[in-house]
Structure formats: C-alpha cells, structure tokens
Amino acid sequence: YSTSYSKTGRKARSSVSSSANSGQSSGGGKLLLWLIAIVVGIALPPLGVVMVIGAVIYYYQRNKSPKYQAEQWIKKATTFFQEQKYAEAEPLLLEAANIYPENTETDFLLGGVYHNQAKYQEAAPYLERAHQQDPTHEGTLISLANCYFNLGEFDKVIPLMQNFPGGWENNLKALQLLGLSFSNKEQHDLAIEVFKKAPLTKRNLDDGLLE
C-alpha cells in the first residue's frame, strides 16, 4: 500500500481521527447496554440474565473486531463510490485495508476509486490483487487492462483480453483494448483481424472502431 498511502497520507490520518471519535461513542453505547442488562436482569429469572449478559458481551466483542470495523468503513465507502465521490471513499477504504487487509472487497473498490480518477499507476496493484482473488470478474479484467493500456504496457493487455471470459469478441470493450494494443505494437494485421469481429450494429455503433 506504500504508493497509495504516500499520496493520501493526510486523508488517511483524518480517517483515523474519525475512527477514534467512533470509539468514544461506542464506549457510551457499551455503558448503555450494561445498564439495560442490569435492568433486564432484575426483571428476569437467572437464565434470562445469563442470556442478556451473553448477548451484550457478544455485541460488544463483535463491534471491537477489526473485521467488523473494516466492514463498516467499506459500507460507507461503497455509498460514496456509487455517488462518484471518490475523494470521500478513498480514506475510508485505506483505513479498512489498514485494519483488516484480508477483506478482498477493499482491493476491488480501491482499484476502482483510482481507476475512475485516471490514476492508473495507483489502481493497477489493487486491481491485480482483485483479479487474483476473482479471475473471472469481467469488470476487474476490463479496468485492469485499461490501466495497463494507459500505462503503455500493451504486452500485459493482450493476454488478459485474449483469455477474456466468454470470449473477447463478445465484449466490445475487451475487443477494443485487444485491437488497439496490437495496433500500438504496430502489429496491424492482428489488429485488423480483431477489429473485423466488432459487432458494428446500430445499437452499439462506435466511431472509434469505425476509425
């Protein structure tokens, strides 16, 4: 995560600060839960008391776990991501990756955050990990190949698109990336053969492909 953290250190630290505030509020919630347990314990028989106290302990321990905390950051970040508020999503995802790196969704979302801001160098490592975790995810494949293409790494684009799930000829974006990569390598015969397979109908007519 070194590259991404070095460029977003300020935002990441502000995220940690908000995490501390969240911890303070959870402390107040813990006290409230114990008060409820005491009140319920007075009103219930011994078995009920044990059940209530057990539920309180479980709830408290779950909220303290890194996995649960990371999931909460990811949930908030996903909302920002869907609203295309990438600057707001980024520090939350970096915090989630820091406290629980085992969550694979973080790689996919962080890769998307950087990719959609044309930060291809930063996006590629996250998308590579997301691709390793789910090799058939078409969105990850297209985004990763697009990063390589914009970084001029055409030799990495070509095998990704040639092995595209369901066939590159059935996905217009995969076809474009493959054909343009051959073209940029001056392998024009191969590029032409790829572009000939483009389904140029009125529904998906593409000026770039025609050119």
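Structural remarks
- The per residue volume of the convex hull around the alpha-carbon atoms of region 125-191 is 69 Å³.
- Restraint check, K85/K119; K156/K197; K76/K119; K76/K156; K67/K156, Cα-Cα greater than 24 Å: K76/K156; K67/K156
- In terms of its alpha-carbon gyration tensor, region 116-159 comes out oblate; a/c meets the 1.5 threshold, while b/c is at least as large as a/b.
- Region 72-129: C-alpha gyration tensor shape, a/c 1.5 cut-off, then a/b vs b/c: oblate
- The phi torsions of region 164-181, fed into the Karplus equation with coefficients 6.51, -1.76 and 1.60 and a -60° offset, translate into couplings of 4, x, x, x, 5, 5, 9, 10, 4, 5, 4, 4, 4, 5, 5, x, 5, 5 Hz, rounded to whole numbers, with Gly and Pro shown as x.
- Within region 82-96, backbone nitrogen closer than 12 Å to the virtual label 7 Å beyond the Cα of N116 toward Cβ: 82-90
- Efficiency of FRET from Cβ geometry, H137 and L190, R₀ 30 Å, rounded to 0.05: 0.70
- Calculated from the alpha-carbon coordinates, region 55-173 shows an Rg and a Dmax of 16.4, 56 Å respectively.
No lab work stands behind these numbers, since they all come straight from the coordinates. Because the structure is predicted, anything quoted here is derived from the model rather than measured. For neighbour counting, all protein chains shown are included, and Cβ atoms are generated from backbone atoms with ideal geometry for every residue, glycine included.
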